[in-house]
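Novice: Please find one structure pasted underneath; my questions will follow.
The values are calculated or read from the model by the stated rules, or taken from the named source; none is laboratory data. Here the structure is a predicted model, which means the values were calculated and not measured. Positions of Cβ are generated from backbone atoms using ideal geometry, with glycine treated the same way; all protein chains shown enter the neighbour counts.
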Amino acid sequence: MRRAAVAVAAGAMAISLAACGSADEAGDSDSTKSSAKKGDDIKVGLLLPENQTARYEKFDRPLIEKKIGELTNGKGEVVYANAKQDASQQAQQVESMITNKVDVIILDAVDAAAIKSSVQKAKDANIPVVAYDRLAQGPIDAYTSFDNETVGKTQGEALLEALGDKAKDGQIVMMNGSSTDPNAAQFKAGAHSVLDGKVNVGKEYDTKEWKPENANANMEGAISAIGKDKIIGVYSANDGMAGGIITALKAAGLDDVPVTGQDAELAGVQRIVTGEQYMSVYKPYAPEADAAAEMAVALAQGKALDSVAKDKVDSPTNKGIPAVLVGVTSLTQDNINDTVVKDGVYTVAEICTAKYKAACEKIGLE
């Protein structure tokens, strides 16, 4: 079964992550203005969380670096570090950025709670912090990501569509993301808001570090616990885990179980082409990266964020953080051409290698 493209606008809505901070804990970009540089000769620290997911090195980093270059007439410097899924290493990287006297930090946290003290250290050094993709705790000055509950809803709706009248005939497995990632909790909440009462959840996991091998092991456990004949679908929070899940399903002789995903990774798109994976969530990285760069440069130059950040979000430690929330699209066989190909993320040649040529021709992707 195929699904037409469903573009979901982010909307002007604030998201709350159980906000409990007092008003004086909220990030205040004004406090950084006295020490901010006014020209284009700025230094931006860019901290990304890991390199197992293809998006960070292939898309996020180069897009952010490019936009900062454009905004600073080529004078802005980006100091980059990847934590490789190590929260302690990321904390050390923040320290290094402070020592290096960067003017602003763009931070995609490995562990949103654990990084709180590091964000505070940056604040104490008058270095504003833009939370990127994941809403880190501490005195964050700005935030950009996708509408994460909508991501989960989009995945849940797609799974229900794939199951059709068989939604109650068996059990599904829910493979959520890492418990240290606040986005994972929002994806899960969005999915549950759609799936609860309409399917039976046989097993549910929070997958350590989002690793495909951990998802694979969890799926093997779910198959043993539920019984392979009773599993009718799998909610997977991203494409990397979907790959591990599908490997476990195939090993058990299950070839027609719909599996969701997220990130539109090349391997995920190719699995969608063959029908091994039902869908992914296409998140256009350029608008997210551009927003992070625009807010970072503005903060470093002591400018207001009003023209960039139209939304506000709350974290457990901050209220009213200026934010940019980007919309998402359900990616299926029907709209590969109209999404990742049209936007230049992948060419048809990159997707339709020799291994996938026949499958591509079958769905009209040539």
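Novice: Given the condition of a type in the set (A, V, I, L, M, F, W, C) and surrounded by fewer than 24 Cβ atoms within 10 Å (Cβ to Cβ), answer yes or no: does some residue in segment 132-148 qualify?
Specialist: Of all residues in segment 132-148, those of a type in the set (A, V, I, L, M, F, W, C) come to 135-136, 140, 142, 146.
In the following step, the residues that additionally are surrounded by fewer than 24 Cβ atoms within 10 Å (Cβ to Cβ) were identified as none.
No, the conditions are met nowhere in segment 132-148.
Novice: From the list Ala291, Ala298, which one is buried (at least 22 other Cβ atoms within 10 Å of the Cβ), closer than 30 Å to Ile98 by Cα and touching a strand residue (DSSP E or B) at 6+ places or on another chain (Cβ under 7 Å)?
Specialist: Values: Ala298 fails: touching a strand residue (DSSP E or B) at 6+ places or on another chain (Cβ under 7 Å).
Of Ala291, Ala298, the one residue that is buried (at least 22 other Cβ atoms within 10 Å of the Cβ), closer than 30 Å to Ile98 by Cα and touching a strand residue (DSSP E or B) at 6+ places or on another chain (Cβ under 7 Å) is Ala291.
Novice: Another one. Quickly run through segment 173-219 and pick out the residues that are closer than 30 Å to Ser88 by Cα and β-branched (Val, Ile, Thr).
Specialist: Within segment 173-219, Thr180, Thr207 qualify.
Novice: State which residue pairs qualify: first residue closer than 15 Å to Ala300 by Cα and at pLDDT 95 or above and inside segment 61-78, second residue crowded, with 20+ Cβ neighbours inside 10 Å and not aliphatic (A, V, I, L, M) in any location, beta carbons under 6 Å apart, and separation of 6 or more residues or different chains.
Specialist: Qualifying pairs under 6 Å: Lys67/Asp290; Ile68/Gly76.
Novice: Mind counting the residues in segment 161-202 that are more than 15 Å from Thr150 (Cβ to Cβ) and in contact with a Ser or Thr (Cβ under 7 Å, 6 or more places away or on another chain)?
Specialist: Here the count works out to 4.
Novice: For segment 186-211, which residues satisfy the criterion of being touching a residue at least 24 places away in the same chain (Cβ under 8 Å), surrounded by fewer than 22 Cβ atoms within 10 Å (Cβ to Cβ) and not basic (Lys, Arg)?
Specialist: Correct list: Ala189, Gly190, His192, Ser193, Val194, Asn200, Val201, Gly202, Glu204, Tyr205, Asp206, Glu209.
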